[in-house]
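Each value in this text was obtained by applying a stated rule to the coordinates, not by laboratory testing. All figures in this text were calculated on a predicted structure; none of them were measured in a lab. Methodologically, a virtual Cβ is constructed for each residue, glycine included, from the backbone with ideal geometry; neighbour enumeration extends over all protein chains shown.
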Amino acid sequence: MIRKLFLFSTVFLLIVQSCSAQTFNKARLDSLMDALAANNKAMVSIALTQYGKPIYSKAVGYSLINSNQKIPATIQTHYRIGSITKVFTSVMVFQLIEEGKLQLTTPLAKFFPDLPNAGKITMANLLSHSSGLHNFTNDSSYVTIMERKVTEAEMLTKFKGQPSDFEPGSKTEYSNTNFVLLGYIVEKLDKKPYAIALKNRILNKIDLKDTYYGDKINPARQEAQSYKWDDSWKPATETDMSVPGGAGALVSTPTDLTHFMDALFTGKLVSDSSLVHMKTIKGGFGMDLMSMPFYEQAGYGHSGGIDGFASIAIYFPEKKLAFAYTANGANMVINDMAVGALSIALNRSYTLPTYTDKPFKLKPEDLDKYLGVYAAAGFPIKITITKNNAQLQAQGTGQHPFQLTATRTDEFSFGPAGIMLVFDPTKSQMTLKQGGKAYILTKEKQ
């Protein structure tokens with residue numbers, strides 16, 4: 001699932017050079033990971049595999065934090081992986097296609113005839129985010145269902161009530177709805193729950209012992225709770241896994257994710273022709289791999305975000321290199337950690353961060369001039385700015401509020417999503433910067 005901070009995706013550009021286990025400076029990567037933990041920048045676990053062999057794994061931070069205890073994370077700690085689940089779902093769909101039980105041209109109407117444009121939407125449209133089905137996690141009502149158990153019938157009723165955003169095949173737009181439906185289709189064709197189909201088709205086949213369909217988080221199973229940073233690590237929301245299903249319900253470890261990506265690209269899960277479909281990018285999406293290039297080198301994978309969790313799994317075919325991380329708390333742009341880890345692991349020049357910057361302090365009354373609701377024509381959501389004592393917070397339409405950090409007068413950041421908000425009180429405007437883009441929003445009159 002896409003974590004609902006703002007409706008933008010981040011392109012992960014990872015810099016890679018050739019490497020070998022013999023020249024790998026593990027101590028330097030350990031230093032980066034330890035610095036992240038010591039400065040409360042991230043609670044994260046990472047793994048690197050080359051030619052199918054592990055070359056590095058390490059976890060920092062805690063899997064559980066409460067008033068009574070702190071449980072340190074280990075490389076065996078399990079994390080929710082959000083939208084990386086979609087790659088597992090896609091693999092099972094292509095396996096069904098190879099078995100003759102499904103075709104890319106099969107219409108959605110064969111399974112769910114009452115959904116909008118069901119007769120026009122194909123399996124290929126669902127896999128490539130070109131169906132036009134509205135992304136239910138963008139709907140303002142999403143927060144009202146995300147933490148409770150829902151049935152397939154309830155989800156289908158919700159999908160029926162949301163008009164299509166565009167004609168099938170006319171464009172692409174990321175929609176979790178596509179993969180919730182694909183998960184249901186896997187269950188129908190296999191006549192088994194998704195979790196059982198997953199075991200039979202993927203987990204048992206390549207011996208993934210630490211990947212499974214999630215349930216309520218259970219520390220006794222070495223499962224991490226997720227957190228957000230607000231002067232200390234505070235518990236994040238906990239989505240019920242009946243909601244994301246085939247779009248985001250899996251739990252795993254970085255080690256399992258690197259083995260999964262290696263198996264996918266070495267023919268252990270789908271045929272070469274199926275893999276070509278999965279990694280052929282049209283309109284920004286494959287079926288359902290995404291392009292993650294670095295210079296002339298191709299890379300393919302997927303990122304994930306759900307509640308306070310963030311993750312990525314990526315494979316570089318020419319280097320036979322797999323990289324994955326899973327995080328249950330971030331107080332930084334987590335992709336910066338990934339770039340740093342790969343730069344060190346692959347012997348690229350990289351300066352370890354010092355993390356000496358201190359937050360810019362403001363008085364509670366200094367924040368009043370920023371408060372209000374900001375909007376812009378064509379911008380998908382409104383952003384409400386409020387304050388909690390001397391802390392400014394932002395909340396997008398239908399989303400949970402998140403705390404902002406003052407970096408200077410009129411400038412605030414939200415590190416985990418790489419968001420910068422720059423205010424101009426004289427014009428009643430706010431500029432939102434993220435991912436190299438800038439959007440000017442104006443405060444609504446009260």
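Rounded, prolate or oblate: which fits region 364-443 when a ≥ b ≥ c are the square roots of the eigenvalues of the alpha-carbon gyration tensor, with rounded for a/c under 1.5 and prolate only if a/b beats b/c?
Details: a/c = 1.31, a/b = 1.21, b/c = 1.08.
In terms of gyration-tensor shape, rounded.
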- Message: Projecting each Cα onto the charge dipole of the chain (Lys/Arg +1, Asp/Glu -1 at the beta carbon, about the Cα centre), which of ASN389, THR106, ALA37 comes out farthest on the positive side?
- Response: ALA37
- Find which of LEU133, TYR315, PRO163 sits farthest along the positive direction of the dipole of region 1-356, computed with +1 on the beta-carbon of Lys and Arg, -1 on that of Asp and Glu, about the Cα centre. TYR315
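Just list whichever of LYS228/LYS445; LYS199/LYS279; LYS234/LYS361; LYS149/LYS171; LYS101/LYS319; LYS120/LYS192 have alpha carbons separated by over 30 Å in the model shown. Before the final figure, lay out the partial values.
Details: LYS228/LYS445 32 Å; LYS199/LYS279 23 Å; LYS234/LYS361 21 Å; LYS149/LYS171 32 Å; LYS101/LYS319 35 Å; LYS120/LYS192 27 Å.
Violating the 30 Å limit, Cα to Cα: LYS228/LYS445; LYS149/LYS171; LYS101/LYS319.
Pop out the Kirkwood hydrodynamic radius of region 148-252 from its pairwise C-alpha distances, inverse of mean 1/r, in Å to one decimal.
Details: mean 1/r = 0.0624 Å⁻¹.
Final number for the Kirkwood radius of region 148-252 is 16.0 Å.
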- Query: By what distance, in whole Å, do the Cα atoms of the chain stretch along each of the three principal axes, largest value first?
  - Reply: 66, 56, 47
- Among MET146, ILE55, GLN446, the residue whose Cα sits farthest towards the positive end of the charge dipole of the chain, when +1 is placed on the Cβ of each Lys and Arg and -1 on the Cβ of each Asp and Glu, is ILE55
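Based on the alpha-carbon gyration tensor of region 201-243 and its eigenvalue square roots a ≥ b ≥ c, which shape applies: rounded if a/c is under 1.5, prolate if not and a/b is larger than b/c, or oblate? Show your work: numbers first, answer last.
Numbers: a/c = 2.98, a/b = 2.21, b/c = 1.35.
It is prolate, given that a/c is not under 1.5 and a/b is the larger ratio.
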- Across region 305-319, in residue order, what do the Karplus-derived ³J(HN,Hα) couplings come to in whole Hz, using 6.51 cos²θ - 1.76 cosθ + 1.60 with θ = phi - 60° and x for Gly and Pro? x, 8, 6, x, 8, 9, 7, 8, 9, 9, 10, 10, x, 5, 8
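Anything over 29 Å Cα to Cα? Flag those among LYS158/LYS209; LYS41/LYS158; LYS86/LYS160; LYS86/LYS268, in the order listed.
Numbers: LYS158/LYS209 34 Å; LYS41/LYS158 38 Å; LYS86/LYS160 22 Å; LYS86/LYS268 18 Å.
LYS158/LYS209; LYS41/LYS158, as the Cα separations exceed 29 Å there.
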- Mean ellipticity per residue at 222 nm, deg cm²/dmol - from DSSP H runs of n ≥ 4 across the chain, formula -39500 (n - 2.57): -6500 deg cm²/dmol
- Quick one: net charge around ASP165, please, counting Lys, Arg +1 and Asp, Glu -1 for every other residue with C-beta under 14 Å from its C-beta. -1
- Across region 437-446, in residue order, what do the Karplus-derived ³J(HN,Hα) couplings come to in whole Hz, using 6.51 cos²θ - 1.76 cosθ + 1.60 with θ = phi - 60° and x for Gly and Pro? 10, 10, 10, 9, 10, 10, 6, 6, 6, 8
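When only C-alpha pairs under 8 Å and at least 6 residues apart count, what is the relative contact order of region 1-356, in percent?
Numbers: 724 pairs, mean separation 104.1, N = 356.
Contact order relative to length: 29 percent.
State which stretch of the chain is the longest one without any exposed trypsin sites (Lys or Arg not before Pro), exposure meaning a DSSP loop state and at most 15 other Cβ atoms within 10 Å. Display every interim value, and only then the final one.
Values: sites that count: LYS101, ARG148, LYS149, LYS171, LYS191, LYS209, LYS216, LYS268, LYS320, ARG348, LYS361, LYS382, LYS445.
Between exposed loop sites, the widest span is 1-100.
Counting other Cβ atoms within 10 Å of each Cβ, which chymotrypsin sites (Phe, Trp or Tyr not before Pro) in region 191-297 have at most 11 and sit in a DSSP loop? Could the numbers behind the result be given before it?
On the way: sites: TYR194, TYR212, TYR213, TYR227, TRP229, TRP233, PHE260, PHE265, PHE285, PHE294, TYR295; in loops: TYR295.
Those that pass, being in a loop and sparsely packed, are TYR295.
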